[in-house]
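Everything on this sheet refers to the single structure shown next.
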Amino acid sequence: MNVQKLPPTWFRAGVIAVLTFGLAAPALPDTLADTLKRAYQLSPRLDASRANLRALDEGVAQARAGRRPTIIASANAQQSASITDDLGSDVIDNTTITGQITAELTLYDGGQTRSAIEASQAVVAAGRANLKSVEQTLFLDAVTAYVDIRRDQAFVSLGRSNVEVLQQQVQAANDRFELGEVTRTDVSLAEARLAAAQSQLVSFIGQLNISNEVFEAVVGVPPRSLAPPPPLPQLPGTVTGAEAIAMQENPAMIAARFNEVAAQFNVERARGAKRLSVTADLTGSIRNQDVGSPTVGPRATTSSLQAGVTASYPLYTGGSLESAVREAQASLAEQRFNVQDTARGVKQQTATAWATLEIARAQIVANREQVRAARIAFEGVREEATLGARTTLDVLDLEQDLRDAQVELASSVRDEYVAAYSLLSAMGLLTLEKLNLGIPAYDPDLYYSKVQDGPFFTVRGRKLDALIEKLGR
């Protein structure tokens, strides 16, 4: 009996591997959470805002330097030559080298340093709120880009389906024209609708390409297959509740309040310049003078140490200090009005998003009913047309109504998502922490804590340089 020889074990294993893994499984579609993660991790807009915040952090370090001593080293070298007789036989070569170190510490400055520190800390807090605002804008842009693509893909799908249906209707009209059941007008009507549908399909495809480019610009990578968006997040039950949250959590409101606080301390700082100031200083110097002359020997090195306390009070400065106070007071008034204006804007933004969300939800209900009714009407008229009870124009009109209803439904679903996330943004809840995306957040305290002690030529200074390079990418 002829028995067929089995392939070796390694060959069978290879065949199994090819059958199992050789046909690459389609990549899983990207979810909305995936999109938001990529946008957060790849955004140069966020990187720029973080760099700006680190610059504001340095303002606190610079203000705190006013409580620390300043030490300045200086050196001076001079050389001169002089002739002591008419014949020039006695030339004196005089070389003087002086070194000096001066240390100065402000003991009291009328509260200027304290106010400067408090003001700069308030500016940093406002900067952190502004960073949150940029983060929210980025997330809202990413959500909008995501649902825009989903909407445009639905438009393209509807457009292609419409073209296919109309192509069949043109063919059917031509067949019936050949049989004498319809006129050339019916065929032309179908052909005109087909041409319009093809034109609109091209428009839908173009809009989808534009949305793809917007997505890549916002997220940092081109879109792949996008999964249906998840259920909407939980929102407050009333617009009043949403507005109350927005007044407390909206980063624009937080930034405006901290800017007002900074302006208050700047007023105190300007007033402090008109008060008494006391500084202590310590100066050590060494002076070496060499005199080269046949008759005069070298002079010895001398050193000195001086300490003192200086108190000063501005009696008259030409009105500059008083002007600085008035300027700071005007800036404070500006920030107070900005708080009121920002509150109005945040309230209006929240109410607008709320109203837009309610409109979108109502439109979804109506559009779904419209799609259901239009589909029943279209299918019924199409059957009646085959029996001669309806004209080709009737069928084309109802088919157009069905497609328009489907397009409106896709648009209203997109509008609901954008409105819901716009409401979250207005309330200040569209942040990485609130969205629970599961990725590490940027920690502004990391850099802030590193620069507060004014690192110089130390190990910590080198670590700070490495941190700056890492954060600056």
**Study point:** Residue that is modelled with the lowest pLDDT, among those in the stretch 139-183 that are of a type in the set (Ser, Thr, Tyr) and closer than 22 Å to Leu402 by Cα
**Key:** Ser161
Study note, to complete from the structure: For the stretch 218-246, the count of residues that are small (Gly, Ala, Ser) and touching a residue at least 24 places away in the same chain (Cβ under 8 Å) equals 5
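One residue is enough: does the stretch 418-428 have a residue meeting the conditions more than 28 Å from Val165 (Cα to Cα) and assigned to a loop (DSSP other than H, G, I, E, B)?
In the first step, residues of the stretch 418-428 are kept if they are more than 28 Å from Val165 (Cα to Cα); the result is 418-428.
With assigned to a loop (DSSP other than H, G, I, E, B) added as a condition, the list becomes 428.
Checked against the condition, which is being more than 28 Å from Val165 (Cα to Cα) and assigned to a loop (DSSP other than H, G, I, E, B), the stretch 418-428 yields at least one hit.
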Exercise for review: Test Thr386 against the criterion of being among the polar types (S, T, N, Q), surrounded by 15 or more Cβ atoms within 10 Å (Cβ to Cβ) and within 30 Å of Glu181 (Cα to Cα), and give yes or no.
Suggested key: no
Check your understanding: Do we have any residue at all in the stretch 7-19 that's at pLDDT 90 or above and not polar (S, T, N, Q)?
Key -> no
Practice item. Could you grab me the full set of residues in the stretch 276-319 that are of a type in the set (Ser, Thr, Tyr) and modelled with pLDDT of 85 or more? Key: Ser277, Thr279, Thr283, Ser285, Thr302, Ser303, Ser304, Thr310, Ser312, Tyr313, Tyr316, Thr317
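Among the residues that make up the stretch 70-89, is at least one of them assigned to a helix (DSSP H, G or I), exposed (fewer than 11 other Cβ atoms within 10 Å of the Cβ) and either modelled with pLDDT of 70 or more or among the charged types (D, E, K, R) (or both)?
Step one: filter the stretch 70-89 for residues assigned to a helix (DSSP H, G or I), giving none.
No: the stretch 70-89 contains no residue that is assigned to a helix (DSSP H, G or I), exposed (fewer than 11 other Cβ atoms within 10 Å of the Cβ) and either modelled with pLDDT of 70 or more or among the charged types (D, E, K, R) (or both).
Buried (at least 17 other Cβ atoms within 10 Å of the Cβ), in the same structural domain as Val165 (by TED's automatic domain parsing) and under 21 Å from Ala192 (Cα atoms), is that true of Leu402? Lay out the reasoning, then the answer.
Details: buried (at least 17 other Cβ atoms within 10 Å of the Cβ): yes; in the same structural domain as Val165 (by TED's automatic domain parsing): yes; under 21 Å from Ala192 (Cα atoms): yes.
It is true that Leu402 is buried (at least 17 other Cβ atoms within 10 Å of the Cβ), in the same structural domain as Val165 (by TED's automatic domain parsing) and under 21 Å from Ala192 (Cα atoms).
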Practice item. Scan the stretch 373-390 and give yes if some residue there is under 23 Å from Gln234 (Cα atoms) and not acidic (Asp, Glu), otherwise no. Key: no
Point to revise | Search result, residues across the stretch 438-457 that are part of a loop (DSSP other than H, G, I, E, B), at pLDDT below 90 and surrounded by 11 or more Cβ atoms within 10 Å (Cβ to Cβ) | key: Gln452, Asp453, Gly454, Pro455
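Say we look at the stretch 267-284 and pick out the residues that are out of contact with any Leu (no Cβ under 7 Å at 6 or more places or on another chain) and within 11 Å of Gly111 (Cα to Cα); which of these is surrounded by the fewest Cβ atoms within 10 Å (Cβ to Cβ)?
The first filter runs over the stretch 267-284 and keeps only residues out of contact with any Leu (no Cβ under 7 Å at 6 or more places or on another chain), leaving 268-272, 275-277, 281-283.
Of the ones still in play, those that are also within 11 Å of Gly111 (Cα to Cα) are 268-272, 275-277.
On the way: Glu268: 18, Arg269: 24, Ala270: 21, Arg271: 19, Gly272: 21, Arg275: 14, Leu276: 12, Ser277: 17.
Selected residue: Leu276.
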Exercise for review: Residues being within 21 Å of Asp404 (Cα to Cα) and of a type in the set (D, E, K, R): count how many of those fall in the stretch 330-369.
Suggested key: 3
Review point. Restricting attention to the stretch 206-230, and to residues there that are farther than 19 Å from Leu437 by Cα and β-branched (Val, Ile, Thr), which single residue is surrounded by the most Cβ atoms within 10 Å (Cβ to Cβ)?
Key: Val214
Review point. Just a yes or no: is a residue in the stretch 359-376 in a helix (DSSP H, G or I), hydrophobic (A, V, I, L, M, F, W, C), out of contact with any Leu (no Cβ under 8 Å at 6 or more places or on another chain) and crowded, with 16+ Cβ neighbours inside 10 Å?
Key: yes
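Please find, among Ala142, Ala196, Ala173, Ala190, the residue that is farther than 30 Å from Arg68 by Cβ, surrounded by fewer than 19 Cβ atoms within 10 Å (Cβ to Cβ) and assigned by TED's automatic domain parsing to the domain that holds Phe265. Working first, answer last.
Details: Ala142 fails: surrounded by fewer than 19 Cβ atoms within 10 Å (Cβ to Cβ); Ala173 fails: surrounded by fewer than 19 Cβ atoms within 10 Å (Cβ to Cβ); Ala190 fails: surrounded by fewer than 19 Cβ atoms within 10 Å (Cβ to Cβ).
Checking each option against the conditions leaves just Ala196.
Can you find even one residue in the stretch 228-235 that is part of a helix (DSSP H, G or I) and either farther than 18 Å from Tyr417 by Cα or assigned by TED's automatic domain parsing to the domain that holds Leu42 (or both)? Talk me through it step by step, then tell me what you get.
Step one: filter the stretch 228-235 for residues part of a helix (DSSP H, G or I), giving none.
So far as the stretch 228-235 goes, no, none of its residues is part of a helix (DSSP H, G or I) and either farther than 18 Å from Tyr417 by Cα or assigned by TED's automatic domain parsing to the domain that holds Leu42 (or both).
Can you find a residue that is within 30 Å of Asp186 (Cβ to Cβ) and touching a residue at least 40 places away in the same chain (Cβ under 8 Å) anywhere in the stretch 383-390? Give the derivation first.
Looking only at the stretch 383-390, we keep the residues that are within 30 Å of Asp186 (Cβ to Cβ), and these are 383-390.
Next, only the ones that are touching a residue at least 40 places away in the same chain (Cβ under 8 Å) stay: 388.
Within the stretch 383-390, one or more residues are within 30 Å of Asp186 (Cβ to Cβ) and touching a residue at least 40 places away in the same chain (Cβ under 8 Å).
The values are calculated or read from the model by the stated rules, or taken from the named source; none is laboratory data. As the structure is a computational prediction, the values presented were derived from the model and not from experiment. Reconstructed Cβ throughout: ideal geometry from the backbone, glycine too, with neighbour counts over all protein chains shown.
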